[in-house]
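A short worksheet on the structure shown next.
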Amino acid sequence: MKNSSRIAALGVAVLAALVLGASAVVAAGPGQTVKVKSQVTIGAVGYQGKVKAANSNCVGERTVVLKQKGNGVLSRVESKANGNWKADLEELNRNIEIPAKVFAEVKASTQATAGPIYKCGAATSKTVEIAGG
């Protein structure tokens with residue numbers, strides 16, 4: 001078999017696998033469980049970011065915990081419907097020790113709708129450093 005034929009055959013196999021995988025997600029009906037990977041970001045300033053996921057059921061109303069390395073929880077907030085979150089600045093100022101290395105976390109959650117059950121994965125953001133000044 002020539003290399004071009006092997007590459008074409010591999011491409012067809014990969015495409016078939018993707019189609020089968022996509023149809024499994026689309027075909028999820030009432031009571032079926034769908035696992036969704038989540039991501040949480042943190043902005044350069046360290047007190048706001050976004051929860052992201054391939055399915056909108058796993059974006060809004062997620063509890064985001066802002067933590068400082070070595071100091072613990074700084075703030076807990078709920079993400080908006082579009083995934084945006086912003087720490088409670090009063091709570092943050094009360095708890096933070098400057099300079100700080102902060103990061104955001106979302107825990108795994110289950111979102112039950114009239115259709116499928118969405119298992120939204122946990123996620124941790126990168127760490128951002130906040131310098132004193």
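The values are calculated or read from the model by the stated rules, or taken from the named source; none is laboratory data. Being a predicted model, the structure only gives us computed values, none of them experimental. Heads up, the Cβs are rebuilt from the backbone with ideal geometry, glycines too, and the neighbour counts pull from every protein chain shown. Accessible surface areas use protein heavy atoms only, side chains included; no ligands, DNA or RNA. Shrake-Rupley method; radii C 1.70, N 1.55, O 1.52, S 1.80 Å.
Against the list (1) modelled with pLDDT of 95 or more; (2) among the polar types (S, T, N, Q); (3) open to solvent by 70 Å² or more (accessible area, probe 1.4 Å), the condition residue 93 fails is (1). Just one of (1) open to solvent by less than 70 Å² (accessible area, probe 1.4 Å); (2) of a type in the set (Gly, Ala, Ser); (3) modelled with pLDDT under 95 trips up residue 131, so point out which. Of the numbered conditions (1) open to solvent by less than 70 Å² (accessible area, probe 1.4 Å); (2) of a type in the set (Gly, Ala, Ser); (3) modelled with pLDDT under 95, the odd one out for residue 131 is (1). Does any residue of the range 45-64 turn out to be over 16 Å from residue 122 (Cβ atoms), open to solvent by less than 90 Å² (accessible area, probe 1.4 Å), of a type in the set (A, V, I, L, M, F, W, C) and part of a loop (DSSP other than H, G, I, E, B)? Yes, the range 45-64 contains at least one residue that is over 16 Å from residue 122 (Cβ atoms), open to solvent by less than 90 Å² (accessible area, probe 1.4 Å), of a type in the set (A, V, I, L, M, F, W, C) and part of a loop (DSSP other than H, G, I, E, B).
Can you find even one residue in the range 104-112 that is small (Gly, Ala, Ser), surrounded by 16 or more Cβ atoms within 10 Å (Cβ to Cβ) and part of a loop (DSSP other than H, G, I, E, B)?
Step one: filter the range 104-112 for residues small (Gly, Ala, Ser), giving 104, 108-109, 112.
This time we only want the ones that are surrounded by 16 or more Cβ atoms within 10 Å (Cβ to Cβ), so: 104, 109.
Right, trim to part of a loop (DSSP other than H, G, I, E, B) and you get none.
No, that holds for no residue.
Selection of first residues in the range 63-92 that are more than 17 Å from residue 50 (Cα to Cα) and of second residues that are open to solvent by 80 Å² or more (accessible area, probe 1.4 Å), restricted to Cβ pairs under 6 Å at least 6 apart or on distinct chains, gives the following pairs, ordered by first then second residue: 69/101; 71/97.
Residues that are outside any loop (DSSP other than H, G, I, E, B), over 18 Å from residue 132 (Cβ atoms) and hydrophobic (A, V, I, L, M, F, W, C) within the range 67-102 comprise 73, 77, 85, listed in sequence order.
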